[in-house]
Amino acid sequence: MRARAVEEAIPTFCAMCGPGPGCGIYAHVRDGRFAWVEGMRESPLNRGRLCAKAYAAPEWVYSPQRLKHPLRRTGEKGEGKFEPVSWDRALDLIAGRLKEQKEKYGPESLAVLAPARRTYSDFLNRFLVAHGSPNYGHSGICAMQKAFAFSYTLGGTPFPDIGRSNLVVIWGKQPVYSGSTRSNLKDILDARDRGARIVAIKPTMEPDVALCDLWIPIRPGTDAAFALAVLHTVVGENLYDAAFVSEWTYGFEELKDHVRKYTPDWAERITGVAAKQIVHFARLYASVKPACIDHGNGLEHAPSSNDAVRAVAILTAITGNLDRPGGDVFPSGGGMPRPKSPGIKDHYTSEWIDRLVGPEFPKPFQPWMEGTSSAYYRIIESVLTEKPYPVRTIISPGTQPAVSTRGTRNVLAALEKLDFYVVVDVMQTADMRYADVVIPVASMYETDHPFEFTPDWIMARRRVIEPLGDYKSDYEFWFDLAVKMGYGKDFWGGRIESCMNDLLEPLQLTMEELRKHPTGIVFPRKPPVYEKYAAVFTRRSTRLSREPFLPQGKVAIYNTTFEEHGFEPLPVWVEPPESLTGTPELAGRYPLVFSDFHTSKVYNAGWLRNLPCLREVLPYPTLQMHPDAARPRGICNGDWVTVESPHGSMKIRAEVNEGIRPDTVMALHGWWQGCEELGLPGFPLLDGGANTNSMYSVDARKAYDPLTTAMSSQTLVEVKKAD
Ligand SMILES: Nc1nc2c(c(=O)[nH]1)N[C@H]1C(S)=C(S)[C@@H](COP(=O)(O)OP(=O)(O)OC[C@H]3O[C@@H](n4cnc5c(=O)[nH]c(N)nc54)[C@H](O)[C@@H]3O)O[C@H]1N2
Ligand SMILES: Nc1nc2c(c(=O)[nH]1)N[C@H]1C(S)=C(S)[C@@H](COP(=O)(O)OP(=O)(O)OC[C@H]3O[C@@H](n4cnc5c(=O)[nH]c(N)nc54)[C@H](O)[C@@H]3O)O[C@H]1N2
Ligand SMILES: [Mo]
């Protein structure tokens, strides 16, 4: 007789959006094997809802592409020849090299890359501080750029109060895909049922556009021009909230003069949106009250991104939609005290800041949010240009520079030239063949730390299965390495439990206590702060920044802080490096605008395409294309096409439909993986592949936002049917 299968449901977090706070799940373990995933209803974050990625977790954990043993390079760089070594030996190799280089080239020769916020991000910074390097290689591509513009204009990043709104503007975001279980999707659906109007501003039509009354298909990278023309109309037609403007804004008179030249006709030529429609949107947004803006990553990837976000923030404020129910509001700070942050602050002297290899934000604005930071791509660039000095060692803990940042050709050349490259990942990565040492780490289902929290919920992560090979967690990697480097005193002597307990102290909890609450502890969330703008937000700065964001204690329409440091005090328009209106000379050979987006229904950035249960949903990289662009080129839906820009080329399949501007083609970024089980190939990182980041300019003068280093993801292309 066969014994009945033993099944256990272990409450923990999903890890399929990467190492960040995930949705609550029950991980079902059957006969010692992680078998399936169920949504956790007790979690206030997702309330039982999950997305396709969550259900794919067991396939991810047991994937044949998992890294099981630390590896050390034996062949040439790029050749992909390695030999397995023990965890201890691998860490000795890294520590040895770091010590040697610190001695020879100074501690700043080490950089750690981390584009997105991770649960372990603070420890990356902490390690760098202990080592003596300011070069935390942050972003330039995600979230911080928007946060910067909002903070220096409004005092913080507001969120849309969709639940009370009568007009919801989805701007550069795809709420159905980017976090369907926990984002604003449910609120948008409810708003729709309530009769609120919905508008989407973005070049492509995703499922959320089906809920919209109005879709404004803007040309990629032109939001600053569009928003300036909207401001022109709102100001010119006296559609602003005079009372709010006079009490709570600084520099409105200057704005009035400034936006006179940004007429809707001027913007039509740049944005491709008809002047009539710009005026219509301005009147709609300024008259339907209250109205909110749900802003996304689409606003962050252009050389004018800081000004686009500033203009959007100013629009919110002068129409009286800031800090009002149903508008864009500020969180109350949540129901629970924040756990302590493990960061180390005292090192951020001007000497420290001066050593940044390529500041993410200009030096007067450092440190910011997470500490000092160099722009992700500028670190890579320094390896090639050796200016102001070359970074010698890069550690990539859960990031793939070859697909995540622009300029793939340069990225690969830099990885080849680097003295020492370390990859720390769960799975084989796009650039591990350039690594000197590869460190496998436990997936989040194989560790019992950290705890994770949202403003109203805290829970300890639980181990679902034992590690499948010779590896430990991300935390253990940094703690073990710190001890080997002699930085143990900054890393709780290598004891993670002590560290966690220390961080939990403000909540009067320990890990042991927390584990006694299997589904975590819920702290009732406080409602947003309404109409407390004066008291709460105008005096704020981050825990790290040295000056208040709003020196006048009011919305900074005219930004004296920027002006003092030599930047534009009012938002202006800057063309992307290649565009129809900025470089018309290129448009003959490359007549279509090309850009990309980040989220899809089944993948994360540049990973998960190796999992059959996800890959069968979206098997091929596609180029969204309007029939009017496809027809004259003899291209039909499903055809393979080559896409050529001045910097690179891709070969992907055409997806022909009317949900995109006729002068624009768009693709999902992050393609390189194959899926053996489905017989689907991987793709080259450079020409003939599907890597959008190989297509863009990285020209230091044109490809960056001058203030926030946001990088352009717009170029011009020609598309042809492939042979
Ligand atoms: N052209 C273009 N470029 C973009 C974007 C875009 O829209 N267009 N989007 C940008 C944005 S918003 C972001 S956030 C970045 C994303 O950029 P990255 O964060 O660099 O994303 P990935 O390249 O997917 O790398 C994530 C890696 O983390 C690994 N991983 C998953 N879980 C763990 C774990 O627990 N521990 C460790 N150590 N590794 C883990 C995965 O296997 C994968 O290799 O890309 C940016 N780049
Ligand atoms: N499934 C899934 N969910 C995720 C992630 C994931 O990888 N997979 N990643 C997470 C991360 S790191 C992030 S940053 C968020 C990102 O989530 P979102 O903020 O939703 O960003 P995107 O998915 O890039 O969608 C951007 C939208 O803006 C449009 N767009 C592109 N360029 C422009 C432009 O110039 N102007 C305007 N107005 N619109 C433009 C695109 O066509 C697309 O509709 O998602 C998070 N959630
Ligand atoms: Mo992101």
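Quickly run through the stretch 151-192 and pick out the residues that are within 25 Å of residue 317 (Cα to Cα), surrounded by fewer than 21 Cβ atoms within 10 Å (Cβ to Cβ) and within 16 Å of ligand 3 (Cβ to nearest atom).
Listed by number, the residues that qualify are 157, 183.
Do we have residue 408 as among the β-branched types (Val, Ile, Thr), buried (at least 22 other Cβ atoms within 10 Å of the Cβ) and closer than 22 Å to residue 474 by Cα here?
When the stated conditions are applied, residue 408 does not pass them.
Can you say whether residue 490 is closer than 27 Å to residue 335 by Cβ and either of a type in the set (Val, Ile, Thr) or touching a residue at least 24 places away in the same chain (Cβ under 8 Å) (or both), as far as the supplied structure shows?
no
Across the stretch 616-637, what is the number of residues that are crowded, with 22+ Cβ neighbours inside 10 Å and either under 30 Å from residue 397 (Cβ atoms) or under 19 Å from the mean Cα position of the chain (by Cα) (or both)?
Within the stretch 616-637, residues that are crowded, with 22+ Cβ neighbours inside 10 Å and either under 30 Å from residue 397 (Cβ atoms) or under 19 Å from the mean Cα position of the chain (by Cα) (or both) number 1.
Could you grab me the full set of residues in the stretch 509-543 that are modelled with pLDDT of 95 or more and loosely packed, with under 14 Cβ neighbours inside 10 Å?
Result: 512, 516.
Answer with yes or no whether residue 145 is of a type in the set (S, T, N, Q), farther than 24 Å from residue 481 by Cα and touching a residue at least 40 places away in the same chain (Cβ under 8 Å).
For residue 145, the condition - of a type in the set (S, T, N, Q), farther than 24 Å from residue 481 by Cα and touching a residue at least 40 places away in the same chain (Cβ under 8 Å) - is met.
When you scan the stretch 347-356, do you find a residue that is modelled with pLDDT of 95 or more, hydrophobic (A, V, I, L, M, F, W, C) and either closer than 20 Å to residue 703 by Cβ or within 16 Å of ligand 3 (Cβ to nearest atom) (or both), even just one?
So far as the stretch 347-356 goes, yes, one or more of its residues are modelled with pLDDT of 95 or more, hydrophobic (A, V, I, L, M, F, W, C) and either closer than 20 Å to residue 703 by Cβ or within 16 Å of ligand 3 (Cβ to nearest atom) (or both).
Those residues that are within 9 Å of ligand 2 (Cβ to nearest atom) and either β-branched (Val, Ile, Thr) or out of contact with any helix residue (DSSP H, G or I) (no Cβ under 8 Å at 6 or more places or on another chain) (or both), I need them from the stretch 180-202; list them, please.
Of everything in the stretch 180-202, those that are within 9 Å of ligand 2 (Cβ to nearest atom) and either β-branched (Val, Ile, Thr) or out of contact with any helix residue (DSSP H, G or I) (no Cβ under 8 Å at 6 or more places or on another chain) (or both) turn out to be 180, 183, 201.
From the residues in the stretch 219-271 that are in a helix (DSSP H, G or I) and hydroxyl-bearing (Ser, Thr, Tyr), which one is surrounded by the most Cβ atoms within 10 Å (Cβ to Cβ)?
271
Out of 576, 569, which single residue is surrounded by 16 or more Cβ atoms within 10 Å (Cβ to Cβ), within 14 Å of ligand 1 (Cβ to nearest atom), assigned to a loop (DSSP other than H, G, I, E, B) and not β-branched (Val, Ile, Thr)?
The conditions single out 576.
Considering only residues that are over 26 Å from the mean Cα position of the chain (by Cα), of a type outside the set (D, E, K, R) and either assigned to a loop (DSSP other than H, G, I, E, B) or crowded, with 24+ Cβ neighbours inside 10 Å (or both), which ones fall in the stretch 287-311?
The answer is 288, 290.
Go through the stretch 67-102 and report how many residues are touching a Pro at 6+ places or on another chain (Cβ under 9 Å) and among the polar types (S, T, N, Q).
Residues that pass the stated criteria total 2.
Here are the criteria: (1) β-branched (Val, Ile, Thr); (2) assigned to a strand (DSSP E or B); (3) away from ligand 2 (no atom under 15 Å from the Cβ). Tell me which single one residue 561 does not satisfy.
Residue 561 satisfies every listed condition except (2).
Would you mention how many residues in the stretch 588-604 are of a type outside the set (Ser, Thr, Tyr), outside any strand (DSSP E or B) and within 16 Å of ligand 1 (Cβ to nearest atom)?
Residues meeting the conditions: 3.
Please work out which residue is farthest from ligand 3 (Cβ to nearest atom), limiting yourself to the stretch 207-217 and to residues that are outside any helix (DSSP H, G or I) and without any contact (Cβ under 8 Å) to a residue 60 or more places away in the chain.
Checked the stretch 207-217; the qualifying residue farthest from ligand 3 (Cβ to nearest atom) is 213.
With (1) more than 16 Å from ligand 3 (Cβ to nearest atom); (2) over 23 Å from residue 645 (Cα atoms) as the list, and residue 600 as the residue in question, which single condition is left unmet?
Unmet for residue 600, out of (1) more than 16 Å from ligand 3 (Cβ to nearest atom); (2) over 23 Å from residue 645 (Cα atoms): (1).
Output the helices (runs of 4 or more DSSP H) that fall wholly within the stretch 376-461 and possess 1 or more residues being more than 16 Å from ligand 2 (Cβ to nearest atom), of a type in the set (Ser, Thr, Tyr) and in contact (Cβ under 8 Å) with a residue 12 or more places away in the chain, or say none.
Those helices (runs of 4 or more DSSP H) span 376-385, 408-417.
List every residue pair whose Cβ atoms sit under 7 Å apart, with the two residues 6 or more apart in sequence or on different chains, where the first one lies in the stretch 121-142 and is more than 15 Å from ligand 1 (Cβ to nearest atom) and the second, anywhere, is among the β-branched types (Val, Ile, Thr).
126/344; 128/112; 129/344; 134/353; 134/372; 135/357; 135/379; 135/391
What are the pairs, 6+ residues apart or on separate chains, where a residue within the stretch 177-197 that is touching a residue at least 12 places away in the same chain (Cβ under 8 Å) and of a type in the set (Ser, Thr, Tyr) has its Cβ under 6 Å from a residue that is in a loop (DSSP other than H, G, I, E, B) and away from ligand 2 (no atom under 15 Å from the Cβ)?
The qualifying pairs do not exist here.
Based on this model, can you work out whether residue 421 counts as under 21 Å from residue 70 (Cα atoms) and surrounded by 22 or more Cβ atoms within 10 Å (Cβ to Cβ)?
yes
Kindly indicate the residue of the stretch 110-120 that is small (Gly, Ala, Ser) and buried (at least 22 other Cβ atoms within 10 Å of the Cβ) and also nearest to ligand 1 (Cβ to nearest atom) among those meeting that condition.
114
Considering only residues that are away from ligand 3 (no atom under 16 Å from the Cβ) and in a loop (DSSP other than H, G, I, E, B), which ones fall in the stretch 125-150?
If the condition is that a residue be away from ligand 3 (no atom under 16 Å from the Cβ) and in a loop (DSSP other than H, G, I, E, B), then 132, 133, 134, 135 are the ones that fit.
Which condition from (1) more than 21 Å from residue 297 (Cα to Cα); (2) outside any helix (DSSP H, G or I); (3) touching a residue at least 40 places away in the same chain (Cβ under 8 Å) is the one that residue 653 breaks?
Going through the list (1) more than 21 Å from residue 297 (Cα to Cα); (2) outside any helix (DSSP H, G or I); (3) touching a residue at least 40 places away in the same chain (Cβ under 8 Å), residue 653 breaks only (3).
The values are calculated or read from the model by the stated rules, or taken from the named source; none is laboratory data. Just so you know, these numbers come straight off a predicted model, no measurement behind them. FYI the Cβ positions are ideal-geometry reconstructions off the backbone, even for glycines, and counts take in every protein chain you see.
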